[in-house]
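A.B. asks: Mind looking over this structure? Questions follow.
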């Protein structure tokens with residue numbers, strides 16, 4: 001039984017460590033991804049770590065841990081075997097602490113990033129003008145996160161967030177330039193759109209007197225940002 005428990009214990013440890021080793025560099029992201037991706041990432045990570053944390057507290061898991069802990073302190077067992085089990089349980093306690101800390105980080109990041117959702121909505125659904133109007137509120141919210149968030153206030157986190165916000169502004173401007181007439185007429189459909197700038201040279205579809213004001217709103221957004 002001890003051999004089986006030890007094998008199960010080590011297998012659990014390896015799988016949990018693999019889940020914890022996920023880092024920012026290992027995330028495969030679209031280079032044009034916006035800030036919604038960042039919020040969703042931390043929500044998924046929180047759900048994943050919550051599941052692991054709940055399993056660590058499950059009856060089966062605690063039974064295996066308690067039996068092995070007792071075996072490691074039993075003087076009647078062989079010294080080598082006892083030491084091996086002791087190392088396994090010590091490693092497990094370290095893993096439990098890592099899971100707790102990683103879960104706390106994910107929860108804290110979700111808590112603060114969620115406050116940005118109403119301010120980043122215009123980046124996806126609005127126009128350059130409406131984005132410009134919400135910029136002060138968005139920047140104030142990010143400033144709050146940088147000031148009081150426990151985990152997300154690092155330079156790397158802030159830089160990554162601003163990259164995604166900037167990229168979504170670019171995406172929005174491209175979309176509004178290419179489809180401004182259909183947006184104005186309410187005939188533009190949602191879904192995957194091809195961002196090709198070749199069509200901008202068609203004076204029939206993009207009359208300069210109508211296109212230039214749209215380009216100016218994008219430049220004004222850039223200046224405001």
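The values are calculated or read from the model by the stated rules, or taken from the named source; none is laboratory data. It should be emphasised that the depicted structure is a prediction, and the values quoted were computed from it without experimental measurement. Heads up, the Cβs are rebuilt from the backbone with ideal geometry, glycines too, and the neighbour counts pull from every protein chain shown.
A.B. asks: Look through 88, 149, 102 and report the one residue that is farther than 22 Å from residue 38 by Cα and surrounded by 13 or more Cβ atoms within 10 Å (Cβ to Cβ).
C.D. replies: Values: 149 fails: farther than 22 Å from residue 38 by Cα; 102 fails: farther than 22 Å from residue 38 by Cα.
Selected residue: 88, the only one of 88, 149, 102 that is farther than 22 Å from residue 38 by Cα and surrounded by 13 or more Cβ atoms within 10 Å (Cβ to Cβ).
A.B. asks: Among the residues that make up the range 122-133, is at least one of them over 24 Å from residue 34 (Cβ atoms) and part of a helix (DSSP H, G or I)? Steps first, please.
C.D. replies: Within the range 122-133, the subset over 24 Å from residue 34 (Cβ atoms) is none.
Among the residues of the range 122-133, not one is over 24 Å from residue 34 (Cβ atoms) and part of a helix (DSSP H, G or I), which makes the answer no.
A.B. asks: From the list 114, 53, which one is closer than 30 Å to residue 168 by Cα, surrounded by fewer than 19 Cβ atoms within 10 Å (Cβ to Cβ) and touching a helix residue (DSSP H, G or I) at 6+ places or on another chain (Cβ under 8 Å)?
C.D. replies: Details: 53 fails: closer than 30 Å to residue 168 by Cα.
Only one candidate qualifies: 114.
A.B. asks: Conditions: (1) touching a helix residue (DSSP H, G or I) at 6+ places or on another chain (Cβ under 8 Å); (2) more than 26 Å from residue 176 (Cα to Cα). Residue 131 meets all but one. Number of the miss?
C.D. replies: Condition not satisfied by residue 131: (2).
A.B. asks: Right, another one. Filter the range 1-11 down to the residues that are in contact (Cβ under 8 Å) with a residue 60 or more places away in the chain and in a helix (DSSP H, G or I) and list them by number.
C.D. replies: Taking the range 1-11 and keeping what is in contact (Cβ under 8 Å) with a residue 60 or more places away in the chain, we get 1-2, 5-6, 9-10.
Listed by number, the residues that qualify are 2, 5, 6, 9, 10.
A.B. asks: Suppose we filter 147, 89, 94, 154 for residues that are farther than 30 Å from residue 201 by Cβ, more than 19 Å from the chain's Cα centre (by Cα) and in the same structural domain as residue 200 (by TED's automatic domain parsing); which single one remains?
C.D. replies: Working: 89 fails: in the same structural domain as residue 200 (by TED's automatic domain parsing); 94 fails: in the same structural domain as residue 200 (by TED's automatic domain parsing); 154 fails: more than 19 Å from the chain's Cα centre (by Cα).
Matching residue, one of 147, 89, 94, 154: 147.
A.B. asks: Restricting to the range 23-46, what's the tally of residues that are modelled with pLDDT under 65 and out of contact with any helix residue (DSSP H, G or I) (no Cβ under 8 Å at 6 or more places or on another chain)?
C.D. replies: 4
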